[in-house]
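Below is one structure, written out as structure tokens; comments come after it.
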Amino acid sequence: MSRSRRALLALGVALAAGGLVLVLAPGLLAATGVDPSLAVPAVGALALALGLLAVAARLGSGGGGAETPEPERRRPHSTPGDGLDRQLATLPARGRMRGAAERAALDERLERAAVATLTRTEGWAEQEAREQLQRGTWTEDRHAAAFFAPEVVPEESLSERARQSLRAESVLRRRATRTIAALADRLERD
């Protein structure tokens, strides 16, 4: 704190203390012979002058506030399967995928996410997780199970089949979406 600030602070404390004494013992002002009608405006003017000096000192020192450092930038933690939804968005709504490489990339990415999720949530070894995926026994959702185990046939009623035929969604997209949802559900419960 600078010398001028200390002096202003001391003067302000002294004036406040004097004002408090005069409020508690109003007869003291009359005993000094000072006219109260002159003392009150004089103290007010002095307080205003001190306030203006404090503002000028604050503005002259560049605000006087502490500088805060830049906030740290945290990388969001990744979860198994990040970005699969973007890859699914590129799938055709109906019909076949553009190529076998595209399907293989989706299969590989989804399998990695599933294995990572199952080893994390179920405590299975990677090999056990892969076997569960291939058998379709890793979930109760038959559509999700059928993504990795094509021999698993989801049981659908006639009305479900009719609704699916009206939707603009391929079987692959539906199964992949259900697989992602089943994996996300496991992660949430974990």
Scan of region 160-177 for residues that are over 14 Å from D107 (Cβ atoms) and at pLDDT 80 or above, ordered by number: R174, T177
Failed item in (1) part of a helix (DSSP H, G or I); (2) of a type in the set (D, E); (3) over 30 Å from the mean Cα position of the chain (by Cα), with D185 passing the rest: (3)
Residue identified as assigned to a helix (DSSP H, G or I) and modelled with pLDDT of 95 or more among E102, E128: E128
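The values are calculated or read from the model by the stated rules, or taken from the named source; none is laboratory data. Model, not experiment: these values are computed from the prediction. Please note: Cβ atoms are built from the backbone with ideal geometry, for glycine as well, and neighbour counts cover all protein chains shown.
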